[in-house]
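Enquirer: Okay, here's the structure, questions in a sec.
FYI, it's all coordinate maths here, none of it is from the lab. What you are looking at is a predicted structure, and each value in this text was computed from that prediction instead of being measured. Every residue, glycine among them, receives a Cβ derived from its backbone with ideal geometry; neighbour counts consider all protein chains shown.
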Amino acid sequence: MPMSREQLAQEIIDAGRFLYGRGWSPATSSNYSTRLAADQALLTVSGKHKGQLGTDDVLATDLDGNSLEAGKKPSAETLLHTQLYRWNGGVGAVLHTHSVNATVLSRLTAGDRLVLEDYELQKAFSGVSSHEGQVIVPIFDNDQDIARLAAQVQPWLDAHPDCVGYLIRGHGLYTWGPRMSDALRQVEAFEFLFECELKVRAILNR
Ligand SMILES: CSC[C@@H](O)[C@@H](O)C(=O)COP(=O)(O)O
Ligand SMILES: [Zn+2]
């Protein structure tokens, strides 16, 4: 049975409490969404403390990022969510976080991608069944013009249908999944792997 708007809103509220509690969504940063219908998303409004969301702090949008609820300010990064729902009909939840490790690692990594390899925890990502492959995480330069940033992301998504997430340099992570629980698992996996990468690099001095 499909989940009601109230249930989906509660999933977003619970995700915010968890992600804020882990330190991955500080100071009103981050935005979260679920698919509300084939052609609609339910997204966090802009500027709210993500550890203290209430049922009024979400709004419905169409998949072009237009608000369907007057009087509420959509997340500044709405287009980065809706493009994922349009890209893949199997995406049911999208999470954007702002952890220290994602921010630092994306700044330390030269070039346009982070390559994760030889980590058992790669298997937490959708479609990955062994540590032996590579999980490639593209890194896009930050841009306050979100339509322009979304236009940078789209060709990567189109060329990589198995993409599980991306970084925005000095900004944060986007990841997604069929359900909120999948997206949350992937945030945790990314955070574990980002921390491993930073520790390995510090020890190897590279
Ligand atoms: C508090 S700075 C972070 C924001 O600029 C933005 O990147 C962000 O993640 C939250 O924006 P929001 O409009 O609340 O969805
Ligand atoms: Zn952000």
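Enquirer: So how do 157-164, 23-30 stack up, highest first, on mean other-Cβ count within 10 Å?
Expert: Put in order of decreasing packing, that is 23-30, 157-164.
Enquirer: Order these peptides, 144-152, 176-184, 192-200, by their mean beta-carbon neighbour count within 10 angstrom, highest first.
Expert: Listed from highest to lowest mean packing, they are 176-184, 192-200, 144-152.
Enquirer: Just to check I understand the Karplus step: with θ = phi - 60° and J = 6.51 cos²θ - 1.76 cosθ + 1.60, what whole-Hz values come out for the range 116-129, glycine and proline as x?
Expert: Once θ is set to phi - 60°, the couplings for the range 116-129 become 9, 8, 6, 10, 4, 5, 4, 5, 6, 8, 3, x, 9, 10 Hz.
Enquirer: Just to be sure I understand the rule: take each whole DSSP H helix in the chain, project its Cα atoms onto its long axis, keep it if the span is 15 Å or more and its mean Kyte-Doolittle hydropathy is at least 0.0. Which ones pass?
Expert: The qualifying helices are 146-159, 180-204.
Enquirer: How high is the relative contact order of the chain, in percent, with contacts defined as C-alpha pairs under 8 Å that are six or more residues apart?
Expert: RCO, the chain: 20 percent.
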